[in-house]
């Protein structure tokens, strides 16, 4: 318990350090999330729109979730070497699958009636996609992005082992910062993870079409775990 | 469901978890720090001073040279009848020293300059290796530990750059780094706060232009090669330095200290193990460890990827400590 | 005596040289990997499986007890969940380190952390699984005269099985991942060669250890999917 109060003290005394490390952490996470979105969402949406590749699209997230994060970072260290890029690539590999699957399912399962009605109104496939499927798919798609984002922020802690910086640097440096530093770093990461969760939740609500706001999707067999600060 | 049922189920679950926990802990055989008080029933023969003594737990820090040292001492002690439990890769000085004082381990090989600067936290620059030895010995004895004789070899922290970087900027000593506007130094986490580290570089050489980049220990050569850092903290007996790709900057002020190695043991455990008899075994090995010997062993493990236990065995056999 | 020896200098034997691939730190030295698999990787793989199995078993026992309790006394669910969520939030690198002063550099320290990480997942799945049992099934059972206990064991738990298995699967895979970090406090497992490789920069070791961990996770995940489907054939869920 003493360590916990010491940790709070540590946070107060080391604001600059915490700030710098948090910025590093967010840069790394943000880059990874951004790249993952750029790769996963278009692919997932496209496949969902075409109602194709369901086996792949659904199972890729199972595979992705099973990947041990340190192992992926390790392979990255062997292939790409040390530093920001390696860890970012590893984080993208860990984040993209969930995003892809959610995007796929979200678009694929858009109410068929709505799609048919749109077609009946004379919309081209692309218009159907942009004006009907995407808006209706947004909530579930965003849920995937949100899950992945929190996961990335949590896993970026391991970046410290690969020269990627971030708040993990404090946690692996017990020699310098003491156990209170380790606890302080953990608190910072937990706060960051919660904040990410919250931010994306707000974002999700903002982009959800008004008519859909009440609908929640509870997938029993693959529960979304929040909060998530562990790989 | 009703409460009786619930109670029964809870009981079952509790029993199950206890059973599993018990099974799990059977694997947990670390021969921890505490021994069951000395049971020397018979006088151990002078050939095998270890016979009849309680098991000893040694630890090592988290890098190649320490692994090799650990194996060398372990195998030598075992040849003399001791039972040794070696916990490799415990962590940096600060961590392993805590393991020592808490009794989790009985001893480990330590660099005496580090003993003075990091463990004893003296921000001074000893003038010689004898002075370092004496300071360390006094400190440890006051605290309840004893140290063996020191090895001939020494392994100091050093700052290295790629050869190109050193040539481009005319760098020969650590003091030359002051010429740069700013530079990055990549180092293991604990380096940042140490007098024999960034702190000393700043205070003794005035290197306020240094920017610290934290690297996990071992990655520094990759980081130098990739250009991720301008300079890096290395160890002077690292095998990679023999490649010619790197320039090691000299340390004229001796900030990084004198770093011969000695085995630090908890005093009460040492007595149980036979006191000087035990240290004689250690010293016999230590005397063999010259710079050349250490570097070639480091090289075999770090560059040729040989197993450190095998390397230690070959060395001890070649020098008559182990029978072939 | 020792002084004399030091003057002559020790005998430095010829150590075995590594192959060119190894000396140049090539991308993946297959020869080294094959030679060293038995010594370096196989024991770690076994340790890893042991670490995971113990954690999931103990975690399941605790979560099962907690879930049943919370199922009976609804008010307990939120406090349990909050506590378990709190444990889950602790970053693994921190949790393992912080256990060391308490339980030492032992497997116990690692297991306490790993068990803690299973709790939230298993607890949530078990209790949700029980809750989601269709009310019709319960009513039918009661109508048939089943006692509370029989209701639980013969109806509710079997119907909750898919959710419980899904929880076990997710928990197991999560622990396989976290057990790699456990090597930070020296308890072995596939994380050990990874940390050693961080030490030495040996690319082959990075790739080999990483791939083995990934393979282990995927194989175990696949096996558990099969078990999940086998246990509850009436629920061929498309999303499992």
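What follows draws every value from the coordinates through simple rules; no lab data is involved. None of these values were measured; they are calculated from a predicted model. All Cβ positions, glycine included, derive from the backbone under ideal geometry; neighbour counts span all protein chains shown.
Which angle between 0 and 90 degrees, to the nearest 10, do you get for helix B:64-79 versus the longest principal axis of chain B when only C-alpha atoms count?
40 degrees
Could you give me the percent of Cα pairs per 5 Å distance bin for region B:157-249, shortest bin first, beginning at zero and ending with the bin that holds the maximum distance?
Pairs per bin, as whole percents: 3, 15, 29, 29, 18, 6, 0.
Output the 0 to 90 degree angle, nearest 10, between the alpha-carbon long axis of helix C:157-182 and the longest principal axis computed from the alpha carbons of chain C.
The angle comes out near 20 degrees.
At 222 nm, what value in deg cm²/dmol follows for chain C if DSSP H runs of at least 4 each add -39500 (n - 2.57) and the sum is divided by all its residues, to the nearest 500? Intermediate values should be presented prior to the final figure.
On the way: 11 runs with 173 residues, N = 240.
After summing the helix terms and dividing by the residues of chain C, the value is -24000 deg cm²/dmol.
Could you list A:146, A:52 so that the one with the fewest beta carbons within 10 Å of its beta carbon is first and the one with the most is last?
Working: A:146 23, A:52 13.
So the residues, fewest neighbours to most, are A:52, A:146.
For labels at residue B:184 and residue B:290 in the simple 7 Å Cα→Cβ model, what's the distance in nm?
4.0 nm
Considering only B:267, B:47, B:176, give the residue with the highest GNM mean-square fluctuation for chain B, with springs between Cα atoms whenever their separation is below 10 Å.
B:47
Binned at 5 Å from 0, what are the whole-percent values of the Cα-Cα distance distribution for region B:264-324, short to long?
Spelled out per bin, shortest first, that is 4, 16, 21, 19, 16, 14, 8, 2.
Normalising by the residue count of region C:50-171, find the relative contact order in percent from Cα pairs under 8 Å and 6+ residues apart. Before the final figure, lay out each step's value.
Details: 111 pairs, mean separation 39.7, N = 122.
Normalised by residue count, the contact order of region C:50-171 is 33 percent.
What does a probe at residue B:48 reach in region B:68-92, counting residues whose amide N is under 15 Å from the point 7 Å along Cα→Cβ?
Within reach of a label on residue B:48, which here means backbone N under 15 Å from a point 7 Å along Cα→Cβ, region B:68-92 contributes B:77-84.
Please work out the FRET efficiency for the pair residue B:318 and residue C:28, using the Cβ-Cβ distance as r and a Förster radius of 35 Å; give the result to the nearest 0.05. Before the final figure, lay out each step's value.
Details: r = 33 Å, r/R0 = 0.94.
About 0.60, to the nearest 0.05.
State, to one decimal in nm, how far the label point of residue A:210 lies from the label point of residue B:225, with both points 7 Å from Cα in the Cβ direction.
Here the answer is 6.1 nm between the modelled labels.
If I fit a long axis through the Cα atoms of helix A:84-108 and take the longest principal axis of the Cα atoms of chain A, what angle between them do I get, 0 to 90°, rounded to 10?
Roughly 30 degrees, rounded to the nearest 10.
Looking at region A:2-212, I'd like the Rg to Rh ratio, where Rg is from alpha-carbon atoms and Rh is Kirkwood's inverse mean 1/r. Present the calculation step by step, with values, prior to reporting the outcome.
Working: Rg = 20.1 Å, Rh = 18.5 Å.
For region A:2-212, the value is 1.08.
With the Cα gyration tensor of chain C giving a ≥ b ≥ c as the square roots of its eigenvalues, does the rule (a/c under 1.5 for rounded; else a/b larger than b/c for prolate; else oblate) give rounded, prolate or oblate?
Working: a/c = 3.84, a/b = 2.27, b/c = 1.69.
Because a/c hits 1.5 or more and a/b exceeds b/c, chain C counts as prolate.
If we count other beta carbons within 10 Å of each Cβ, what is the order of B:203, B:115, fewest first? Walk me through the numbers before you get to the answer.
Working: B:203 13, B:115 26.
Fewest-to-most ranking of B:203, B:115: B:203, B:115.
Say R0 is 30 Å: what FRET efficiency, to the nearest 0.05, do residue B:277 and residue C:16 get from their beta-carbon distance?
Values: r = 34 Å, r/R0 = 1.14.
Computed FRET efficiency for residue B:277 and residue C:16 comes out at 0.30.
Ranking B:315, B:279 by Cβ neighbours within 10 Å, fewest first, what do you get?
In increasing order of surrounding Cβ atoms, one gets B:279, B:315.
What average count of beta carbons from other chains do you get within 10 Å of the Cβ of residues in C:17-23? Intermediate results must be reported in sequence, preceding the final value.
Details: counts 5, 6, 2, 0, 1, 4, 4.
For this peptide, the per-residue mean of nearby foreign Cβ atoms is 3.
Taking 8 Å as the Cα distance limit and 6 or more residues as the minimum spacing, I'd like the relative contact order of chain B as a percentage. Don't jump to the answer; show the numbers that get you there.
Values: 546 pairs, mean separation 76.7, N = 324.
Normalised by residue count, the contact order of chain B is 24 percent.
Just C:187, C:11, C:107 to compare: in a GNM of chain C, with alpha carbon springs under 10 Å, which one fluctuates most?
C:11
222 nm [θ] for chain B, helices only, -39500 (n - 2.57) per DSSP H run of 4+, per residue, to 500?
-12000 deg cm²/dmol
With r as the distance between the Cβ atoms of residue A:1 and residue B:138 and R0 = 22 Å, compute the FRET efficiency 1/(1 + (r/R0)^6) and round to 0.05.
Working: r = 36 Å, r/R0 = 1.64.
With R0 = 22 Å, the Cβ-Cβ based efficiency is 0.05.
Ignoring everything except DSSP H segments at least 4 long, calculate the 222 nm mean residue ellipticity for chain A; use -39,500 (n - 2.57) per segment, divide by total residues, nearest 500. It would help to have the intermediate numbers written out before the result.
Working: 9 runs with 167 residues, N = 231.
Roughly -24500 deg cm²/dmol at 222 nm, from the helical runs in chain A.
For chain B, give me the percentage of DSSP beta bridges that are antiparallel, rounded to the nearest 5 percent. Walk me through the intermediate numbers first.
Values: 17 of 30 bridges.
Counting only bridges with both partners in chain B, antiparallel ones make up about 55 percent.
Considering chain B as a Gaussian network with a 10 Å cut-off on Cα pairs, which listed residue, B:269, B:61, B:305, attains the greatest mean-square fluctuation?
Looking only at B:269, B:61, B:305, the largest GNM fluctuation is found for B:305.
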